[in-house]
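Read the figures in this text as sums done on the coordinates, not as results from a lab. Only a predicted model underlies this, so the values are computations on that prediction, with no experimental measurement involved. Note that we place each Cβ from the backbone using ideal geometry, even for glycine, and neighbour counts take in every protein chain shown.
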Amino acid sequence: MDAAQFTKLVVDLAALDRETEWVEFKENNANPEDIGAYLSAIANSAALARRDRGYIVWGVRDGDHEVVGTTFRPHTDKVKGQELENWLVTLLSPEIHFAIHEGEIDDNPVVVFEVPAAAHTPVRFKDFEYIRVGSYKKKLRDHPEKERDLWRVLSGGSFEDAVAHMGASAADIIALLDHTAFFKMLSSQAPPGADAIVQRFVEEGLVKSRDDGRFDVLNIAAVLFARDLDAFGRLGRKAVRVVTYGDPGKTRPVREKVVTSGYAVGFQSVLDYIESQVPSQERIEHGLRVEKTAYPADAIRESIGNALIHQDFLMSGVGPMVDIFPDRIEITNSGEPLVDVRRFLDAPPRSRNESLAALMRRMRICEERGTGIDKVVKAAEDELLPAPDFQVVEGHTRAIINGPRAFGDMTKDERLRATYQHASLQWVSSERMTNASLRKRFGIARGNLSMVSRLISDALEAGLIKQYDPSNKSRRHVQYVPFWAT
C-alpha cells in the first residue's frame, strides 16, 4: 500500500459517521493483550457484517475521528523479547494474515492493522473468541445470538476463498505467483503484460479485485502457485516436508527437504526428490533395461495428491508430511477422512477443499474423482507388494505404501488387508475375487492352492469378505466380494 492509498484509506475510515463493528479507532493504547483480543473481535465482526476485512486504526481520536497521531510503533514493539507481530500470530487461531501499515497524515503518525474477515470458524485469541457489540469488545460466548449468526455466515465460506495476501499490485502478484506454471499446467497461452495475466487470475477465482484498484490473493492461489509459500506468512507451514530415515523408526533421520513452492508448482519436484531417496533396481522390460524404484510411481503420486487435496487447512502449524523409511513410505495430512478408510475404494469421494481439488484435476495433478485410491491399490497389486495401509492417527490421515516383501514375510493382518482390498478392487471393476485371482495377486504358484484357501477362510471369519452367491456349492467356482457389497 503506497502513501496515497494509505491516506485515502485512513481518510475514508475517519469519515465514517460512527465507529462501526468492523473498525476500531485508538490513539496510543497499544496493550498487546488488548490488540490480540481486538484482532479476534474485528475478524469475527467483519465476517458477520459480510465485509472482506476490518481495521484497527491508531492515531485517530475515537470521539470525533480527528487525526491526532500516535506513538505506537508496531514494527519495533516487543513482548517478552519477541516481535509484537510474531507474538500475536502465535496466539491467534485459526491463522489470519493481518497486515500492518504505517504512514503519516499531515505529519501525524498513523498505524492501521488491516484484518481479514474470519473464514470457516471464529478467530480466537488465546482462550476466547471475541466479537464487537456496538463499539465494545465482548466474548463471543456471552452473546449466543451473534455466535449463531456468525456460524451461519461462516458455514457458507471456504478456506480456498479466504485472503492470503491483501492489497497487492499487479507487479506484486507477478512476483508472488508463478504465472508461467499456471498457464503451462492449464495448457493455455499467457497473455502479454502483467495486467492481462492478473485479470486471468481474477477470472479463475484465484485473485479478487478491490475497490482501491489493488488485489487480494486468495488462499487457493497461494497454496497452488506460490513461488515461495513463506511469502504468505503462516501458509509457509503448509509446505510439503520430506524426511528420510536410516532405520524403520524415527530415531535416525538422515536428511530433510521442504518444498516451499506452491503445490502445483512444486508437485513434480516432490515426486522427483522422493524418487531420489528410495532404492531402485534395473529390470528388463520388452527387451530393454529400465531403472525402476521399489515403490510404484502411480501409488506415490496419487497418495501425495490425495494428501494435498484432502488436508484440513484449518489445523494450524501442520502441513503434508512424507516420511521415507527403508521398508515403507508414510504420507500424512492433517484432518481425519470424511469417509471410512475401509470404504476408500468404493465410497463417493468427499473433499474439504472442492475448488482446490477441481483445479488440481484440471491441471492433471491428480486423477478424476474417486479413482486415486484405486490406482494406489492396483499399483501395489501389480508389483506384488504388501497392501497399502490407510490409517487415522490423532486427527490426521496417513497412507502407508509398503516396500517389497515376500508373501511368507507378511504378517497375518497384512495378508488379510490385501485380500480385502483385492476383493474391493475386483468389485469396483465389475469383477469378483476368486481363489485364482487372489493367487495371482500374491504371485503364489498353483500348487499352493491350500495356502490361498486358508487366507480366504480367515478373511471370511474376520467379516472382511463374503461369498457372492451363497447358494453356489461348487468350491471351484466360488466368488467373493467385500462385506459391504450389495
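Tabulated values for the structure
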{"item": "Local electrostatic count at T260 - Lys and Arg +1, Asp and Glu -1, tallied over other residues with Cβ under 15 Å", "result": "+2"}
{"item": "Full-extension gain in nm, W151 to D409, via 0.36 nm per residue minus C-alpha separation", "result": "87.7 nm"}
{"item": "Peptide ranges 63-69, 7-13 listed from the most packed, as the mean C-beta count within 10 angstrom indicates", "result": "7-13, 63-69"}
{"item": "Net length gained if the chain between D12 and D272 were fully extended (0.36 nm per residue, minus Cα distance)", "result": "88.5 nm"}
{"item": "Sequence ranges 170-182, 49-61, ranked by mean other-Cβ count within 10 angstrom, highest first", "result": "49-61, 170-182"}
{"item": "Relative contact order of the chain, defined on C-alpha pairs under 8 angstrom at six or more residues apart (%)", "result": "9 percent"}
{"item": "Karplus 3J(HN,Hα) series, Hz, for the range 407-417 with 6.51 cos²θ - 1.76 cosθ + 1.60 (x for Gly, Pro)", "result": "3, x, 9, 7, 6, 4, 4, 5, 5, 5, 5"}
{"item": "Estimated FRET transfer efficiency (Q189, D230; beta-carbon r; R0 35 Å; 0.05)", "result": "0.70"}
{"item": "Length-normalised contact order for the range 27-140 - Cα pairs under 8 Å, 6+ apart - percent", "result": "35 percent"}
{"item": "Note, ³J(HN,Hα) from phi for the range 343-359, Karplus 6.51, -1.76, 1.60, rounded to Hz, x at Gly and Pro", "result": "10, 4, 6, 10, 5, x, x, 10, 9, 6, 10, 5, 5, 4, 4, 4, 5"}
{"item": "Burial ordering of M321, M360, fewest other beta-carbon atoms within 10 Å first", "result": "M321, M360"}
{"item": "Amide H partners (placed H, <5 Å) of M433, local residues excluded", "result": "Y480"}
{"item": "Proximal aspartates and glutamates to K440, defined as alpha-carbon separation beneath 14 angstrom and excluding residues fewer than eight positions away on the same chain", "result": "E381, D382, E383"}
{"item": "Gain in span if fully extended, Q5 to V428, counting 0.36 nm per residue against the direct Cα distance", "result": "146.5 nm"}
{"item": "Rg/Rh ratio calculated on Cα atoms of the range 386-486 (Kirkwood radius)", "result": "0.98"}
{"item": "Under 19 Å from the E66 label point (7 Å along Cα→beta-carbon), backbone N, the range 4-33", "result": "10-19, 25-29"}
{"item": "Cα-centre dipole for the range 39-82 with unit charges at Cβ (Lys and Arg positive, Asp and Glu negative), debye to 20", "result": "260 debye"}
{"item": "Alpha carbon convex hull of the range 164-236, volume per residue in cubic angstrom", "result": "74 Å³"}
{"item": "Relative contact order, percent, the range 302-420 [alpha-carbon distance under 8 Å, six or more residues apart]", "result": "29 percent"}
{"item": "Nearest-0.05 FRET efficiency for E33 and K440, computed from C-beta distance (R0 56 Å)", "result": "0.25"}
{"item": "A297/E461 FRET efficiency (R0 56 Å; Cβ-Cβ; nearest 0.05)", "result": "0.95"}
{"item": "Neighbour-limited loop hits for trypsin sites (Lys or Arg not before Pro), the range 384-486 (at most 10 other Cβ within 10 Å; DSSP other than H, G, I, E, B)", "result": "K473"}
{"item": "Given charges at beta-carbon only (K, R positive; D, E negative), |dipole| of the chain in Debye", "result": "2760 debye"}
{"item": "Across K26/K139; K8/K78; K80/K257; K126/K257; K292/K375, pairs whose alpha-carbon gap is larger than 22 Å", "result": "K8/K78; K80/K257; K126/K257"}
